[in-house]
Amino acid sequence: MARKPRRRFRRKHVLIAFLFFIMFAIVQTFVFFDRELREPLLFLAKIRINQMATEAINKAITEEVAQGADAGKLIQWKMKDDGKISGFLIDYREQMKVIARTVEVVDRVLKEQASVPEHIPIGHALNSPLLSSFGQASPSNSIPQRLSR
């Protein structure tokens, strides 16, 4: 009885198969984290942009009040002969100055805040509170649309 020669895998074939397996595992890991981190990233971006806009507007209002914006120049009250108010006129030139200063302050504050990176724990993707508190974090930047132009 003739015995068939047993075909052995060579080391080269085993190494190639192992490398293909590692490459497949790496690609699958990236796909998994991309899919699972999308929702936490979008939620965080929404909250962060809201917070940035609120802080910018509040700072603009605070600076405008601190500069002593004169409401007397912005609105002119019209009075009747007996002293009662009959109406008012808005000085649009003064209104545009106030709006321009406010927009400048908001843009400046948003640019300052856009450079601060956020870190999202990878444990969010795995729905693991333990990994979220102790694990690695993925850096993320939020840039308001007006600044990205």
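Points to keep in mind about this one:
- In summary, the lysines within cross-link reach of Lys59, defined as a Cα separation below 19 angstrom excluding same-chain residues under 8 places away, comprise Lys97, Lys111.
- Amide hydrogen proximity for Glu118: with H placed 1.01 Å from N in the peptide plane, the residues at 5 or more positions away or on another chain lying under 5 Å are Ser140, Asn141, Ser142.
- Here the 3J(HN,Hα) profile of the stretch 84-96, calculated from phi with Karplus coefficients 6.51, -1.76 and 1.60 at θ = phi - 60°, is 7, 6, 10, x, 8, 10, 9, 7, 5, 5, 5, 4, 5 Hz, Gly and Pro shown as x.
- Percent accessible area from carbon and sulfur atoms, the stretch 11-92, protein chains only, probe 1.4 Å: 67
- Put simply, when 16-22, 96-102 are sorted by average Cβ atoms within 10 angstrom per residue, most first, you get 96-102, 16-22.
The values are calculated or read from the model by the stated rules, or taken from the named source; none is laboratory data. Because the structure is predicted, anything quoted here is derived from the model rather than measured. All Cβ positions, even for glycine, are placed from backbone atoms using ideal geometry, and neighbour counts span all protein chains on display. Please note that ligands, DNA and RNA were not included when accessible areas were found on the heavy atoms of the full protein model with its side chains. Shrake-Rupley method; radii C 1.70, N 1.55, O 1.52, S 1.80 Å.
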